[in-house]
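The values are calculated or read from the model by the stated rules, or taken from the named source; none is laboratory data. Treat the numbers as computed from the prediction; the structure is a model and nothing was measured. Using ideal geometry, Cβ is built from the backbone for each residue, glycine included, and neighbour counts are taken over all protein chains shown.
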Amino acid sequence: MSTVYVGMSGGVDSALAAALLVEQGHDVRGIYMRNWTQDLPGFRCPWADDLADAERVAVTLGIDLDVWDCEQEYRATVADYLVDAYAHGRTPNPDVMCNQTIKFGTFAQRAFAEGADLVATGHYARVEHGRSGVPARLLRAVDEHKDQTYFMWRVSGEMYNRAVFPIGGYANKSAVRAACAERGLGIEDKPDSDGICFIGPVGLRSFLLDTLERRPGDIVEWETGTVLGRHEGAFLFTVGQRRGLDLGGGPARYVVSTDTETNVVYVSADRDCPGLWTRELLLEDARWVAGEAPAAGRYLVRTRHTGPLREASVRPDEGALVRVTFPEPVRTVAPGQSAVVYDGLECMGGGIVAR
RNA sequence: UGGAGCAUCGUCCAGUGGUUAGGACUGCGGUUUUUGGUGCCGCCAACCUAGGUUCGAAUCCUAGUGCUCCAG
């Protein structure tokens, strides 16, 4: 029996995680991380409802639930990070940062400081704890479709040594919901969370338009340099994007690249436009679960959540950069997104696509 | 100013006497997804104006208006 602090979001996954830990006989304490409470125009932040859901589950399980204020850290490391990246023409992945700095940052550190042996979350992932100081290995969930290790690559194996993911072994989401229903947790019908949590249904486009200064510029055909239209800011677009260009009349066009310096958005009607394909990536800000880079060699690499695992050569490059080379070109990899490296089932770590 | 041509969803086109006026793109919504994007599904939306011919007009005729091209 261990003392386990479980992050409870008010959702289905973390509720079942807490329930399973209680059943395993641990001394379980629930923590609701209050990351964001601010409403946006047209969107009421549902944090209080989520907290109420988490509290209901905690009562059912007979455990304590506390609220920890993480708003400062969340704003600085997730929300501001997101805005800054978009302002610089990159396409950030806020959830990756949230896992690093909030769930396995602020939350975990405070839990350990208060005497927790382990922290737990409702992530779809598995850990293999290392013995005697060896970092844990992070493994993909049994449900390959729900696997969330793509968002977890920046966290260290030392941290994962003290983390457990009780639902990582579940076959699929409906099994998780069914397990919640069996236990009478009362939230089995709550919809999955979706989209950037603090932006909600408002949508990224209008959030960015409200947050960043508009900067009208040209939409240019990648092949010919012909000006096809105007945009409200190159920061609104990401590689491969189709919607939002407002170019009627011709064929569908896709964003090939954006240039925040010249404020130009390059587009092509050719889905197989050479500019949309990448054979080689340079990663920056690499992190490795084991604490050090794996030996150069062939691994599996994923450049988007729910994207295929592709074989690729991964090797250190100048400085702290990492070079990833695919035998076959990959379509629409956006700078700012994560490239996550796997060896079989194991998530080794990764980096942020520089170019 | 003469000669010719064209005016149909927001855009680009299809439709030459009887169509629920069709498609593509855009936009909007949904779905997929604990990021962005993609994909998939669905929805909105139009016959330049005024007369006429006809049982019936986007379609034929006349005039007007607008645009394009060739002349000069």
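Values computed for the structure shown
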quantity	calculated
Segment A:134-151, subset closer than 13 Å to A:VAL289 by Cα and assigned to a loop (DSSP other than H, G, I, E, B), residue nearest to RNA strand B (Cβ to nearest atom)	A:ALA136
Residue match in segment A:286-293 (condition: surrounded by fewer than 17 Cβ atoms within 10 Å (Cβ to Cβ) and within 30 Å of A:GLU158 (Cα to Cα))	yes
Selection within segment A:245-264 - in contact with a helix residue (DSSP H, G or I) (Cβ under 8 Å, 6 or more places away or on another chain), aliphatic (A, V, I, L, M), under 18 Å from A:ARG214 (Cβ atoms) and within 12 Å of RNA strand B (Cβ to nearest atom)	none
Hits in segment A:212-228 - residues which are surrounded by fewer than 15 Cβ atoms within 10 Å (Cβ to Cβ) and either closer than 14 Å to A:ALA269 by Cβ or within 14 Å of RNA strand B (Cβ to nearest atom) (or both)	A:THR224, A:THR226
Within segment A:59-88, considering residues that are buried (at least 19 other Cβ atoms within 10 Å of the Cβ) and of a type in the set (Gly, Ala, Ser), the one farthest from A:VAL28 (Cα to Cα)	A:ALA85
A:LEU21 vs. criteria over 21 Å from A:ARG162 (Cβ atoms) and aliphatic (A, V, I, L, M)	no
First in segment A:320-343 and on the phi < 0 side of the Ramachandran plot and of a type in the set (Gly, Ala, Ser), second anywhere and in a strand (DSSP E or B) and surrounded by fewer than 17 Cβ atoms within 10 Å (Cβ to Cβ), Cβ under 9 Å, 6 or more apart	A:ALA320/A:GLU284; A:ALA320/A:ASP285
Selection count where residues are modelled with pLDDT of 95 or more and on the phi > 0 side of the Ramachandran plot, scope segment A:1-24	0
Qualifying residue in segment A:182-203 (condition: modelled with pLDDT of 90 or more, over 29 Å from A:SER268 (Cα atoms) and either within 11 Å of RNA strand B (Cβ to nearest atom) or not in a loop (DSSP other than H, G, I, E, B) (or both))	yes
The listed residue being near RNA strand B (Cβ under 10 Å from one of its atoms) and over 16 Å from A:TYR5 (Cα atoms), out of A:TYR81, A:TYR86, A:TYR74	A:TYR86
Residue in segment A:232-244 that is nearest to RNA strand B (Cβ to nearest atom), counting only those that are part of a loop (DSSP other than H, G, I, E, B) and buried (at least 20 other Cβ atoms within 10 Å of the Cβ)	A:THR238
Options A:VAL324, A:VAL353: the member that is aliphatic (A, V, I, L, M), surrounded by 15 or more Cβ atoms within 10 Å (Cβ to Cβ) and either under 21 Å from A:TYR160 (Cβ atoms) or away from RNA strand B (no atom under 14 Å from the Cβ) (or both)	A:VAL324
Pairs where the first residue, in segment A:240-260, is among the basic types (Lys, Arg) and the second is assigned to a loop (DSSP other than H, G, I, E, B) and within 6 Å of RNA strand B (Cβ to nearest atom), C-beta under 6 Å, 6+ apart	A:ARG242/A:ALA252; A:ARG253/A:LEU245; A:ARG253/A:LEU247
Contacts under 9 angstrom Cβ, first residue in segment A:179-206 being without any contact (Cβ under 8 Å) to a residue 24 or more places away in the chain, partner away from RNA strand B (no atom under 15 Å from the Cβ) and assigned to a loop (DSSP other than H, G, I, E, B), 6 or more apart	A:ALA181/A:GLU188; A:GLU182/A:GLU188
